[in-house]
1. Specify which residue in the list A:216, A:388, B:110 is farthest towards the positive end of the charge dipole of the protein assembly as shown, using unit charges on the beta carbon of Lys, Arg (+1) and Asp, Glu (-1), about the Cα centre.
2. Run the numbers on region A:332-451 and let me know its relative contact order in percent, using alpha-carbon pairs under 8 Å that are six or more apart.
3. Nothing charged except the Cβ atoms of Lys and Arg (+1) and of Asp and Glu (-1): what's the magnitude of the dipole of chain B about its Cα centre? Round to the nearest 20 debye.
4. Only helical DSSP H runs with n ≥ 4 go in: add -39500 (n - 2.57) per run for chain B, normalise by residue count and round the 222 nm mean residue ellipticity to 500 deg cm²/dmol.
5. Tell me the mean residue ellipticity at 222 nm calculated for chain A from its helices only (DSSP H runs of n ≥ 4, each -39500 (n - 2.57), averaged over every residue, nearest 500).
6. Along the charge dipole of region A:2-476, pointing to its positive end and built from +1/-1 on Cβ of Lys, Arg, Asp and Glu, which listed residue (A:370, A:253, A:237) has its Cα farthest out?
7. Test of understanding: what is the full-extension gain from residue A:7 to residue A:428, defined as 0.36 nm times their sequence separation minus their Cα-Cα distance?
8. Could you please state, rounded to a whole Å, how far the C-alpha centre of region A:245-322 is from the C-alpha centre of region B:33-63?
Amino acid sequence: MVGLENWQIATPEMILAAGAMVLLMIGAFRGEKSVDLVAWLSVAVLIGAAVAVIFGTTGTAFAGLFLNTPFTMAMKVLSLLGSALAILMSASFMRREGAWRFEYPVIIVLATLGMMIMLSSADLMTLYVGLEMQSLALYVVAAFQRDNARSTEAGVKYFVLGAVASCMMLYGSSLVYGFAGTTNFAAIAKVFAAGAPPLGAVIGLVFILAGLVFKVSAVPFHMWTPDVYEGAPTPVTALFSVAPKIAALGLLVAIVMGPFRPLMAQSQQILIMVSVASMAWGAFAAIRQENIKRLMAYSSIGNMGYALLGLAAGTEEGIRAVVIYMIIYLAMSVGTFACILSMRRGGVSVERIADLAGLWRNHPRMALALLFFMFSMAGIPPLAGFFGKLNVFLAAINAGLFWASALGVAASVVAAYYYLRIIKVMFLDDPAAPFDAVEAPMGAVMAVMAVFVFPVFLVFQSPFLASAQAAAHAFFVR
Amino acid sequence: MIIQTIAFYAFAAVTLISAFMVIAARNPVHSVLYLILAFFNSAALFLLMGAEFIAMILVIVYVGAVAVLFLFVVMMLDINLAELRQGFLKYLPIGAAVGLVLFAELMLALGAWVVAPGAKGAIAANQAALAKTSNTAAIGKVLYTDYFFLFQASGIVLLVAMIGAIVLTLRQRAGVRRQKIGDQIARTREEAVTVVKVPVGGGI
């Protein structure tokens, strides 16, 4: 009976694991010509897992190592969607670059499996195993264009810095284990709630948070982001900017609100500092960027800052704001990357902002979509991004974080400058040579995401708000 | 008791010295050998703590597999460590300073060594099995039952590592001749042998 319950709760993970292995076999036996088949099947596996998550059950499994709550399920669905979209957007780019091999979608499925395990972790050991599974797979896809020096550099840089972050997290985990006597999240929460938490545990918490903050690429652990974003193949950058970010942020929320709930005062200090620094650095450092992939790196640093502000509030409202923010962030990021992937001249990808000059004349629909995404990222009403930021700031203000909110609003004004600069380049500058025709899948992704950002989110907010509410409520059930 | 203490300090001292020699040795092969020495002494330290399983694993996995692999890599790659170590002395003071500061901070913080009040109970709950059996048996009891999930997930991590290594390094070279066993077996006598009448004294 126990075995059956485990199966029920971890069905999506098993779908992914079994699916990845079957796909690997298909690829290995049918050779390189099976790559399209494997890619489509892996998208199907990811979608199937997402369906299984939606209809899944909550509860703990595997002797308390694995936990499903409405919150983890919401974040899992977002991560799965992000990965599936990334694979869909990869085909033409990777084929052009000669890196369209069947291992690519399989590794992304395995990375997603790692994200799911991370999100579902109810034990420090599960957390680490999931995190490593995700990270190892991502190091590989970052370096996937192995004959390209910059892609290789991105892979090595990500690997070395990621290994340092993992070490910090492991060291923190060992301290927490030493001071709490257990690695189980529920038991840790109970131990720390019993009395004033020992100093050593706080240090452990700091180390664990540092490791996780590295994964969401928030300041001061953001150094790798621009280089890895720029060097990695563009569809991989699109993947990096959504699925792992969502998973790591979900894990951060689960950690701060779960085992370390009794240490909320301490983690709040850290989170506020990280959040304000990320918002500010994401705004100021992006101003001088000429490469749109680097710009998106700084933009994602800033966006993570806003999301972390919701977590720093530590209230149900704050967590709800984080979930809503991640839904909107997924749409905006994927849409923007669909535009970036369509920036091709004569079959060669270009990635300077100046290449977008006069896009409005040459490709009005793409320019319009990018306009929506940029306005939304800048947080201009009535686009979706505005509501994301609004919810976060409202939650922060209600939790008494006035200074952090004020600084966040100021940072978003600064950030609006570079988003608006892209719009200015697209609409007002003299047209550059036109891009190649937008491919059908990219056009579809762009259109869907743009319509979601405005007006779908504006009109049909309630189901998103309701599911975010349900997700956030999971931490406040007693 | 006194013998245990002496043994502990002896093994700990050798571990530290050999760890230092790993980074100080001129010859990379010597570095790896010092690393193996450090592993052996750490295993001895684990034995002193009563963790015989981890001690044996350390010897088998780290000495038997990892260190030997290192040794092969070092010997085969012919890395010029002198070149790698160019800035070593220059950066030594600042590295040492950072290390010292971190060490001092951790000492200050962990000096107030107070374990959370509930921790005793949590530790006791974990160690129920240990009182009765050896720790190899205790690990065996939980590894494939309570920690089955982690065991499987670690397997997938290794699978990812394997796929990654192959993807990033395997290159299909053109013009490689491979053995085709099917073709070899399918050969008939007629394809392989011809009978030639050789005239006497003529040669072929």
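Since every read-out is calculated from the coordinates, none of them should be taken as a lab result. Predicted model, so just to flag it, every value in this text is computed and none were measured. Note: ideal-geometry Cβ built from the backbone for every residue, glycine included; neighbour counts use all protein chains shown.
1. Of the options given, the answer is A:216.
2. On the way: 147 pairs, mean separation 56.4, N = 120.
Relative contact order, region A:332-451: 47 percent.
3. 640
4. Numbers: 11 runs with 137 residues, N = 204.
-21000 deg cm²/dmol, from helical runs alone.
5. -25500 deg cm²/dmol
6. With unit charges placed on the Cβ atoms, the residue in question is A:370.
7. Net length gain for the segment: 145.9 nm.
8. For region A:245-322 versus region B:33-63, the Cα centre distance is 42 Å.
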